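Engineer: Just dropping this structure here.
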Amino acid sequence: MFDNAYEALNAEGDTRWAFGTGFADPLSGMDTAVPAGVDAADLAAYCLMLGDDALIMSHRLQQWCTCAPELEDEVALANIGLDLLGQARLLLARAGKADGSGRGEDELAFFRSDREFRNVRLAEVTNGDFAFCVARLLVFATWRLALMQRLVDSDDPVLAAIAAKAVKELAYHRDYAARWVVRLGDGTELSHARMRNGLDAVWSYVEELFAAHPVERRVGVDPSTVRAEFDGVLTEVLAAATLSRPEVDGLAGVSGHSGRDGVHTEAMGYLLAELQSVARAHQDATW
Amino acid sequence: MTVEPMAEPRDHFEATIAADQRIEPRDWMPEGYRKTMVRQIAQHAHSEIIGMQPEGNWITRAPSLRRKAILLAKVQDEAGHGLYLYSAAETLGVDRSDLVEKLITGRQKYSSIFNYPTLSFADVGVIGWLVDGAAICNQVPLCRSSYGPYARAMIRICKEESFHQRQGYELLMTMMSGTQAQRDMVQDATNRWWWPSLMMFGPPDEESPNTAQSMAWKIKRHTNDELRQRFVDMTVPQADKLGVTLPDPDLRWNAERGHYDFGAVDWSEFKRVIAGDGPCNAERIAHRRRAHEDGAWVRAAASAHAAKRAERVKEAAR
């Protein structure tokens with residue numbers, strides 16, 4: 001009568017773990033040689049940029065866990081955070097393989113300083129209310145989806161495969177965020193005002209998304225080429241949400257440098273302190 | 001075999017229970033049965049939701065991206081369990097929002113285990129191993145609960161719990177083959193979670209007033225002490241294999257009984273935690289209440305928007 005899986009823990013061998021334990025390398029089984037004509041250093045730097053965007057955005061979504069306004073959104077936000085974490089793992093692993101350093105995903109995630117992170121500042125800004133959360137997610141997912149749709153044709157087959165997977169995920173993320181922006185914008189007076197504030201707060205980080213870094217021009221998608229598509233989607237969603245486009249200027253960088261150059265906001269140091277604390281306290285450990 | 005409809009609804013209920021068949025939402029049931037089921041399912045749902053907090057505490061600090069993904073997925077599963085358990089409770093004529101209200105005002109309980117703090121990343125593994133292990137021992141018999149919607153929800157929940165439990169144990173195995181600091185973390189976490197895990201089976205049989213009725217209604221299939229003994233018997237060899245010591249000097253094999261003897265559970269601590277004075281009771285409920293209240297304007301907006309849309313559809317049809 002006690003036919004349960006708890007007993008099975010004493011079985012021998014890895015079969016008791018349902019799917020085995022050999023998931024150390026997310027790119028296991030893939031040909032990771034950098035194709036001729038692709039600059040390996042550029043490819044690695046570009047994968048770091050895209051990987052860091054996903055890792056840091058995922059972290060901000062993880063911080064929503066147990067705080068969502070409704071259980072369904074608890075599930076949805078965790079799901080989106082997981083998707084982005086999965087993209088980050090693949091992209092960081094790709095970066096470590098391409099640059100020949102042999103650094104794995106964890107070494108890159110846990111043992112770089114904030115000046116070495118290449119994510120856009122939009123991803124790292126401290127969480128606000130739920131309106132800020134969905135405003136940021138709408139902007140982030142719309143921008144990233146446009147990039148990934150083009151990266152499906154990347155000269156690097158590994159990056160192209162990662163992009164193909166990401167496109168499906170981001171289409172859902174954008175849809176989820178857009179629906180909430182519409183509900184909140186066209187909901188109550190209070191929710192309309194909060195959605196307005198959330199969008200305004202996010203908007204100062206939008207310009208940076210479309211300012212091309214030389215690496216992006218050389219090996220990836222020049223983000224300035226997807227601006228029109230981004231604007232089209234936002235115009236449609238904001239109209240349905242009875243909201244006008246924010247009239248907020250983009251933030252300047254520091255001597256022209258911002259996230260892609262490793263120049264971040266003050267929030268980034270605290271984010272990494274949290275993200276990296278256990279890994280750095282046990283440097284020789286295996287997890 | 002199905003039970004033929006009977007003229008007297010009470011006879012139908014009794015015959016269904018006697019034949020080990022399921023009671024379904026539209027069947028007549030005694031008021032006491034309905035109340036007991038609502039209480040049991042709601043407490044279980046609340047436990048899933050509150051249970052997200054102690055483990056959720058480590059998601060942003062998980063020391064590898066793989067462990068982070070595993071933990072985030074697990075906590076997400078718990079939200080999913082909460083969702084379908086609330087749905088199962090709703091088949092008995094209650095409303096999810098009322099149950100949530102009862103949780104955050106302290107009128108309904110959740111498993112006392114979640115009132116203990118998670119103090120290191122090893123706690124994530126030990127919760128998987130011991131707490132999910134104890135939950136499985138409690139819950140597998142509930143897949144045969146006499147109330148259909150609950151029994152069916154439990155089948156899926158138990159599958160996912162088993163998966164979590166293996167993930168927890170696998171994390172501990174990895175940590176035990178790591179550094180001395182990691183082994184010490186696992187031992188420390190085991191020391192802190194062992195006794196609270198034994199308390200998860202509830203008070204001793206002689207102090208469990210509802211057990212007899214619940215067993216007669218086939219809502220419950222084994223007594224608290226039976227399940228607790230079974231859990232100890234299964235866990236001791238697992239602890240040996242892991243290389244940790246269970247913090248009980250009286251723990252030893254009794255060949256005569258064919259079971260492990262174990263020391264006395266500190267029921268006074270259990271009572272204090274149940275009464276609200278556990279290390280984290282206030283914090284857990286305050287966090288839940290804050291999230292609920294912070295989300296009120298969002299839920300209000302969703303309702304207002306849905307009403308506007310419905311109105312527009314009506315307008316268009318005119």
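Engineer: With the contact rule set at Cα under 8 Å and sequence spacing of 6 or more, what percent relative contact order holds for the range A:36-281? Write out the running numbers ahead of the final one.
Structural biologist: Details: 344 pairs, mean separation 61.7, N = 246.
Relative contact order for the range A:36-281 comes out at 25 percent.
Engineer: Which FRET efficiency value, to the nearest 0.05, is calculated for A:D153 and B:A181 with the Förster distance at 56 angstrom and r the Cβ-Cβ distance?
Structural biologist: On the way: r = 48 Å, r/R0 = 0.85.
Using R0 = 56 Å, I get an efficiency of 0.75.
Engineer: So what is the orientation-averaged projected area of the protein assembly as shown, using the convex hull of its C-alpha atoms, in nm²?
Structural biologist: Details: hull surface 129.1 nm².
Result: a mean projected hull area of 32.3 nm².
Engineer: Can you check what the net charge comes to around B:E206, using other residues whose Cβ is under 14 Å from the Cβ of B:E206 (Lys, Arg +1; Asp, Glu -1)? All intermediate terms of the calculation are to be shown ahead of the outcome.
Structural biologist: Values: positive: B:R228; negative: B:D205, B:E207, B:D225, B:E226.
So the environment of B:E206 carries a net charge of -3.
Engineer: Between A:S244 and B:E256, how high is the FRET efficiency from 1/(1 + (r/R0)^6) when r is the Cβ-Cβ distance and R₀ = 60 Å? Nearest 0.05. Intermediate values should be presented prior to the final figure.
Structural biologist: On the way: r = 81 Å, r/R0 = 1.35.
Efficiency for this residue pair is about 0.15.
Engineer: Take each of the peptides B:239-247, A:53-61, B:148-156, average the number of other beta-carbon atoms within 10 Å over its residues, and list them starting from the highest. Display every interim value, and only then the final one.
Structural biologist: Working: B:239-247: 16.4, A:53-61: 25.9, B:148-156: 19.0.
In descending order of packing, they fall as A:53-61, B:148-156, B:239-247.
Engineer: Here are some pairs, A:K168/B:K314; B:K35/B:K220; B:K74/B:K220; A:K97/B:K68; which of them have Cα atoms lying more than 24 Å apart in this structure?
Structural biologist: Working: A:K168/B:K314 35 Å; B:K35/B:K220 15 Å; B:K74/B:K220 27 Å; A:K97/B:K68 22 Å.
From the list (A:K168/B:K314; B:K35/B:K220; B:K74/B:K220; A:K97/B:K68), the Cα-Cα distance tops 24 Å for A:K168/B:K314; B:K74/B:K220.
Engineer: Count charges around B:T36 for me, please; just the other residues with Cβ under 12 Å from its Cβ, Lys/Arg as +1, Asp/Glu as -1.
Structural biologist: Numbers: positive: B:R34, B:K35, B:R39, B:K218, B:K220; negative: B:E31.
Taking every other residue near B:T36 into account, the sum is +4.
Engineer: Follow-up question, since we're still on this one. Mind putting together the pair-distance distribution for the range B:44-91? All Cα pairs, 10 Å bins, whole percent per bin, short to long.
Structural biologist: Taking every Cα pair in the range B:44-91, the percentages come to 29, 44, 21, 6, 0.
Engineer: Can you sort A:R144, A:R194, B:R39, B:R192 by how many other beta carbons sit within 10 Å, fewest first?
Structural biologist: Exposure proxy ranking, most exposed first: B:R39, B:R192, A:R194, A:R144.
Engineer: Most fluctuating residue of B:G125, B:G295, B:G263 in a GNM of chain B with Cα springs under 10 Å: which is it?
Structural biologist: Greatest mean-square fluctuation among the candidates belongs to B:G295.
Engineer: Further, regarding this structure: Can you show me the helix-derived [θ] at 222 nm for chain B, built from DSSP H runs with n ≥ 4 at -39,500 (n - 2.57) apiece and divided by the number of residues, rounded to the nearest 500. The partial results should precede the final answer.
Structural biologist: Details: 14 runs with 199 residues, N = 318.
After summing the helix terms and dividing by the residues of chain B, the value is -20000 deg cm²/dmol.
Engineer: Taking only the Cα atoms of the range A:36-281, how large is their convex hull per residue, in Å³?
Structural biologist: Working: hull volume 28.5 nm³, N = 246.
Dividing the Cα hull volume of the range A:36-281 by its residues yields 116 Å³.
Engineer: Quick one: if the Förster radius is 56 Å, what FRET efficiency do A:E229 and A:T286 give, using the C-beta to C-beta distance and rounding to 0.05? Could you put the intermediate results ahead of the total?
Structural biologist: Values: r = 44 Å, r/R0 = 0.78.
E(calc), rounded to 0.05, equals 0.80.
Engineer: A further question follows. State the dimensionless ratio Rg/Rh of chain B (Rg: radius of gyration of Cα atoms; Rh: Kirkwood radius). Could you put the intermediate results ahead of the total?
Structural biologist: Values: Rg = 21.8 Å, Rh = 21.5 Å.
Result for chain B is an Rg/Rh of 1.02.
Engineer: Along the Cα→Cβ direction, 7 angstrom out, place labels at A:L251 and B:D294. What is the inter-label distance in nm?
Structural biologist: With each label placed 7 Å out from Cα toward Cβ, I get 2.0 nm.
Engineer: Residue by residue through B:178-187, how many Cβ atoms from other chains fall within 10 Å of the Cβ on average? Intermediate values should be presented prior to the final figure.
Structural biologist: Numbers: counts 5, 5, 1, 4, 5, 0, 0, 2, 0, 0.
Per residue, the average neighbour count from other chains is 2.
Engineer: Which of A:D284, B:D27 has the fewest other C-beta atoms within 10 Å, and how do the rest follow up to the most?
Structural biologist: On the way: A:D284 9, B:D27 15.
Lowest to highest Cβ neighbour count: A:D284, B:D27.
Engineer: On to the next question. Which of the peptides B:78-84, B:138-144, B:204-210 is most tightly packed, and how do the rest follow, going by the mean number of other Cβ atoms within 10 Å of each residue? List each step's numbers first, then the result.
Structural biologist: Numbers: B:78-84: 21.9, B:138-144: 19.7, B:204-210: 11.9.
Descending packing order for the listed peptides: B:78-84, B:138-144, B:204-210.
Engineer: Could I ask something else about it? Rounded to the nearest 500, what is chain A's calculated 222 nm mean residue ellipticity when only DSSP H runs of at least 4 contribute -39500 (n - 2.57) each, over all residues? Numbers along the way, then the final one.
Structural biologist: On the way: 11 runs with 166 residues, N = 287.
Helix-only estimate at 222 nm: -19000 deg cm²/dmol.
Engineer: Once you have the Cα-Cα distance between B:K314 and B:K241, take 0.36 nm times their residue separation minus that, and quote the gain in nm to one decimal. Spell out each step's value before the answer.
Structural biologist: Working: separation 73, 0.36 × 73 = 26.28 nm, distance 6.63 nm.
Gain in length upon complete extension: 19.6 nm.
Engineer: Which cross-chain or sequence-distant (5 or more) residues have an amide H under 5 Å from the amide H of B:H259, H modelled 1.01 Å from N in plane?
Structural biologist: It is B:N254, by chain and number.
Engineer: Which residues' amide hydrogens lie under 5 Å from the amide hydrogen of B:I23, considering only partners 5 or more residues apart or on another chain, with H built in the peptide plane?
Structural biologist: Close amide H contacts, sequence-distant or interchain: B:Y147, B:G148.
Engineer: Reachable lysines from B:K271, Cα under 18 Å, same-chain residues fewer than 8 places away excluded?
Structural biologist: Correct list for B:K271: B:K109.
Engineer: Counting only other chains, what is the mean number of Cβ atoms within 10 angstrom of the Cβ of each residue in peptide B:56-62?
Structural biologist: Values: counts 7, 2, 1, 8, 10, 9, 5.
Per residue, the average neighbour count from other chains is 6.
Engineer: Would you mind listing how long the range B:121-178 runs along its three principal axes, going by Cα atoms, in whole Å with the largest first?
Structural biologist: That works out to 46, 14, 14 Å along the principal axes.
Engineer: At 7 Å along Cα-to-Cβ for each site, give me the label-to-label distance between B:E8 and A:L190 in nm.
Structural biologist: Placing both labels 7 Å along Cα→Cβ, they lie 5.4 nm apart.
Engineer: Taking the Cα-to-Cβ direction at A:N127 and at B:A306 and moving 7 Å from each Cα, how far apart do the two end points lie in nm?
Structural biologist: Once both label points are built, they end up 2.4 nm from each other.
Engineer: With a 10 Å cut-off between alpha carbons and a GNM built on chain A, which of A:A211, A:A178, A:A146 moves the most?
Structural biologist: A:A211
Engineer: Given the options A:T32, A:T142, A:T66, state which has the largest fluctuation in a GNM of chain A using a 10 Å cut-off (strictly under) for Cα springs.
Structural biologist: Residue with maximal mean-square fluctuation among A:T32, A:T142, A:T66: A:T66.
Engineer: Where q = 0.14, 0.15, 0.16 Å⁻¹, what log10 of I(q)/I(0) comes from the Debye formula for the range A:99-205, counting one point per Cα?
Structural biologist: Per q value, in the given order, log10 I(q)/I(0) is -0.71, -0.79, -0.86.
Engineer: Please average, across the residues of B:291-297, the number of beta carbons from any other chain that are within 10 Å of each residue's own beta carbon, and give a whole number.
Structural biologist: Mean shielding count: 5.
Engineer: So, one more: Rank these for me by crowding, A:W287, B:W28, going from fewest to most other beta carbons within 10 Å. Before the final figure, lay out each step's value.
Structural biologist: Details: A:W287 20, B:W28 14.
Ordered from fewest to most neighbouring Cβ atoms within 10 Å, A:W287, B:W28 come out as B:W28, A:W287.
Read-outs throughout are calculated quantities, based only on the coordinates presented, and are distinct from any laboratory measurement. This structure is a prediction, so every number in the text was calculated from the model and none was measured. For neighbour counting, all protein chains shown are included, and Cβ atoms are generated from backbone atoms with ideal geometry for every residue, glycine included.
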